[in-house]
Amino acid sequence: MQLGILGGTFDPIHFGHLLAAEETRIALRLDRVLFAPASDPPHKQGYVKLPVAQRLSMVRLAIADNPAFDISTVDIDRPGPHYTVDAIHLIRDEWGTGADETYFIMGGDSLAHLLTWHQPAQLIKLCRLAVVARPGFRADLAKLEAALPGISRRLNWVEMPVLGISSSDLQRRVREGRSIRYQVPANVADYVTEHSLYRDDRQV
């Protein structure tokens, strides 16, 4: 099995996430893409607005119509801190995939900052990196290769249409009373409205 993994806070999930997953699935001929919501990401302390249960509910709604998409709760079912390298270990054990059958999907911005991640050398031994290009971010591959020998052979580049959508902007739009429809799936927009999410920064 060829398995993709897309981690994130998904606060909220939007069409940029879904498009990255689908373009990677097609480009790399993946059998399944797992969305792995982060429960307590070390690099986003104080920035996550919603409890993980609500973010997980929105992910379930967003991927319900794609049989190739599924959810992994490895970061929800265990105490933090939660690091990607640990999640990959657990997912590989659960799905029985090898290092060359497991693809961690990330944006070009994440690749540019990979050296700041927890155990990046171990990460590229556990999986391949499916890197989705993002405007304005360009990783220094020579620097990465010097620090992580062999990383260039562990990268797969994925092209996708540029969507100028971000979760932080969607949160701001909701606070301002503006529409987020057509930037998130309709059922996710309805969930945000029904549960009055992002209306008040003090809700968490």
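Take the residues in region 170-187 that are over 17 Å from the mean Cα position of the chain (by Cα) and part of a helix (DSSP H, G or I), then tell me which one is farthest from ILE13 (Cα to Cα).
By that ranking, first place goes to ARG175.
Which of the residues spanning region 78-98 are in contact with a helix residue (DSSP H, G or I) (Cβ under 9 Å, 6 or more places away or on another chain), within 23 Å of PRO12 (Cα to Cα) and not β-branched (Val, Ile, Thr)?
ARG78, GLY80, PRO81, HIS82, TYR83, listed by residue number.
Take ARG153 and tell me if it is without any contact (Cβ under 8 Å) to a residue 12 or more places away in the chain, more than 24 Å from HIS118 (Cα to Cα) and among the basic types (Lys, Arg).
no
Of the conditions (1) out of contact with any Phe, Trp or Tyr (no Cβ under 8 Å at 6 or more places or on another chain); (2) of a type in the set (A, V, I, L, M); (3) closer than 18 Å to ALA20 by Cα; (4) at pLDDT 95 or above, ILE124 clears all except one; give me its number.
For ILE124, the failing item is (3).
With ALA64, ALA68, ALA21 as the choices, which residue is under 21 Å from VAL132 (Cβ atoms), surrounded by fewer than 22 Cβ atoms within 10 Å (Cβ to Cβ) and at pLDDT 95 or above?
Testing whether each residue is under 21 Å from VAL132 (Cβ atoms), surrounded by fewer than 22 Cβ atoms within 10 Å (Cβ to Cβ) and at pLDDT 95 or above leaves just ALA68.
Kindly indicate whether ILE151 is over 19 Å from LEU3 (Cβ atoms) and crowded, with 18+ Cβ neighbours inside 10 Å.
Yes: the conditions hold for ILE151.
Given (1) among the basic types (Lys, Arg); (2) surrounded by 14 or more Cβ atoms within 10 Å (Cβ to Cβ); (3) part of a helix (DSSP H, G or I), identify the lone condition not met by LYS143.
Exception for LYS143: condition (2).
If we scan region 107-114, do we find a residue that is free of Cβ contacts under 8 Å to residues at least 12 places away in the same chain and at positive phi?
No; the residues of region 107-114 include none that is free of Cβ contacts under 8 Å to residues at least 12 places away in the same chain and at positive phi.
Being among the polar types (S, T, N, Q) and more than 20 Å from LEU56 (Cα to Cα) is the filter here; which residues of region 1-34 pass it?
Result: GLN2, THR24.
Filter region 88-108 down to the residues that are outside any strand (DSSP E or B), surrounded by 13 or more Cβ atoms within 10 Å (Cβ to Cβ) and modelled with pLDDT of 95 or more and list them by number.
Once the filter is applied, which keeps residues that are outside any strand (DSSP E or B), surrounded by 13 or more Cβ atoms within 10 Å (Cβ to Cβ) and modelled with pLDDT of 95 or more, region 88-108 yields ILE88, HIS89, LEU90, ILE91, ARG92, TRP95, THR97, ALA99, GLU101.
Going by the conditions given, is LEU56 in a helix (DSSP H, G or I), out of contact with any Leu (no Cβ under 7 Å at 6 or more places or on another chain), crowded, with 18+ Cβ neighbours inside 10 Å and not basic (Lys, Arg)?
Answer is yes for this residue.
Any residue in region 170-197 that's at pLDDT below 95: show its pairings with residues that are in a strand (DSSP E or B) and of a type in the set (S, T, N, Q) at Cβ separation under 8 Å, as long as the two are six or more apart or on different chains.
Nothing qualifies.
The values are calculated or read from the model by the stated rules, or taken from the named source; none is laboratory data. For clarity, every value in this text was computed on a predicted model and none was experimentally measured. Here Cβ is always computed from backbone atoms with ideal geometry, including for glycine, and neighbour counts include all displayed protein chains.
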